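What follows is calculated from the coordinates using simple rules that are stated; it is not laboratory data. The shown structure was predicted, so the numbers you read here are calculated from the model rather than taken from an experiment. So basically every Cβ, Gly included, is an ideal-geometry build from the backbone, and we count neighbours across all protein chains shown.
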Amino acid sequence: MELTWYGLACFRISDRSLKVVTDPYGPEVGHALPRLRADVVTVSHDRPGHNYIKAVSGARKVLTGPGEYELGGVFITGIRTWHRGGRQKGEPNTIFLFEYGNITICHLGDLGEVPKQEDIEALGEVSVLLIPVGGHDTLNGVEAAEVVSLIEPAYVVPMHYALPGFTLKLDNLKKFLREMGISEPREVESLKIASKNDLPEETEVILLKPRVHGNG
């Protein structure tokens with residue numbers, strides 16, 4: 001399994017059985033996605049920067065909300081959560097769990113509040129946690145670090161934070177890294193996991209280098 005990041009909340013998760021693209025964004029956020037192909041596209045919520053489905057070709061299925069699905073031998077679960085103040089504002093967010101055999105990837109979307117304990121337990125054992133850390137409508141650095149401590153994943157990949165060229169108002173990565181007690185995180189082009197044996201025993205924060213194109 002290989003995980004590649006394209007900035008904001010957009011990832012490509014690929015292995016031989018299924019290729020998934022999460023939260024594709026359009027050029028209105030400052031960058032345009034490169035041409036991507038996938039079997040499945042997931043959209044955590046219907047907002048610009050997360051719902052530009054036509055950026056991805058070849059998709060057999062587009063998932064936009066809660067439910068349980070099996071595609072190409074991969075189990076995908078969508079769980080209803082909320083933006084910051086979402087219950088009052090009526091702005092839902094969907095967490096997606098991708099079970100590639102014994103490797104589980106959890107994409108938190110634009111989660112805006114620390115989940116309750118029963119919600120954390122519903123996630124089960126998480127191998128890779130993709131977590132927003134940029135604040136505003138989503139978790140900020142302090143809240144994200146708390147969520148990491150509750151979920152206790154093997155790998156943590158921060159997402160949805162300020163990067164050059166993107167127009168969304170987001171905090172940078174520094175507060176989250178400070179809360180996690182990390183000064184020099186490991187940065188890689190992509191995260192590759194062959195089996196559960198590749199996972200670290202202690203939670204490790206991994207920075208993925210964003211593969212972004214120029215403006216427009």
Exceeding 20 Å between C-alpha atoms, which entries from my cross-link table qualify? They are LYS174/LYS209; LYS19/LYS116; LYS175/LYS209; LYS116/LYS174; LYS19/LYS169. LYS19/LYS116; LYS116/LYS174; LYS19/LYS169
From the phi of every residue in the range 3-12, what ³J(HN,Hα) in whole Hz does the Karplus formula 6.51 cos²θ - 1.76 cosθ + 1.60 yield, where θ is phi - 60° and glycine or proline is x? 10, 10, 10, 10, x, 6, 10, 9, 10, 10
In whole angstrom, how far apart do the alpha carbon centroids of the range 2-77 and the range 96-126 sit? 17
With only alpha-carbon atoms counted, please give the Rg and Dmax of the range 88-171, in Å. 12.9, 38
Loop only per DSSP, at most 15 neighbouring Cβ atoms within 10 Å: give me the trypsin sites (Lys or Arg not before Pro) in the range 133-185, ordered by residue number. LYS169
What is the P(r) of the range 1-48, as percent of Cα-Cα pairs per 5 Å bin from 0? 5, 20, 33, 24, 11, 5, 1
Given H placed 1.01 Å from N in the peptide plane, which residues other than close sequence neighbours of GLY101 have an amide H under 5 Å from its amide H? PHE75
Which distance in nm do the two modelled labels at GLU118 and LYS54 give, with both placed 7 Å along the Cα-to-Cβ direction? 4.2
Long-range amide H partners of VAL205, meaning residues 5 or more apart or on another chain whose placed amide H is closer than 5 Å, are VAL156
Whole-Hz Karplus couplings 3J(HN,Hα) for the range 31-36, θ = phi - 60° and coefficients 6.51, -1.76, 1.60, Gly and Pro as x, run 10, 10, 5, x, 5, 10
Summing -39500 (n - 2.57) over the DSSP H runs of n ≥ 4 in the chain and dividing by its residue number, what mean residue ellipticity at 222 nm do you reach, to the nearest 500 deg cm²/dmol? -3500 deg cm²/dmol
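Could you work out the relative contact order of the chain, using alpha carbon pairs under 8 angstrom and six or more residues apart, expressed as a whole percent?
After rounding, I find 20 percent.
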In whole Å and largest first, what semi-axes does the C-alpha gyration tensor of the chain yield when each eigenvalue is scaled by 5 and square-rooted? 21, 21, 19
What are the extents of the Cα atoms of the range 90-136 along their three principal axes, in Å, largest first? 34, 22, 17
How large is ³J(HN,Hα), in whole Hz, for each residue of the range 176-181 in order, when computed from phi with the Karplus curve 6.51 cos²θ - 1.76 cosθ + 1.60 and θ = phi - 60°, using x for Gly and Pro? 5, 4, 5, 5, 7, x
Computed over the range 1-108, Cα set: Rg, Dmax in Å: 13.4, 42
Exposure proxy ranking, count of Cβ atoms within 10 Å, fewest first, for THR64, THR138: THR64, THR138
Calculate how many DSSP beta bridges within the chain are antiparallel, expressed in % of all such bridges and rounded to the nearest 5. 55
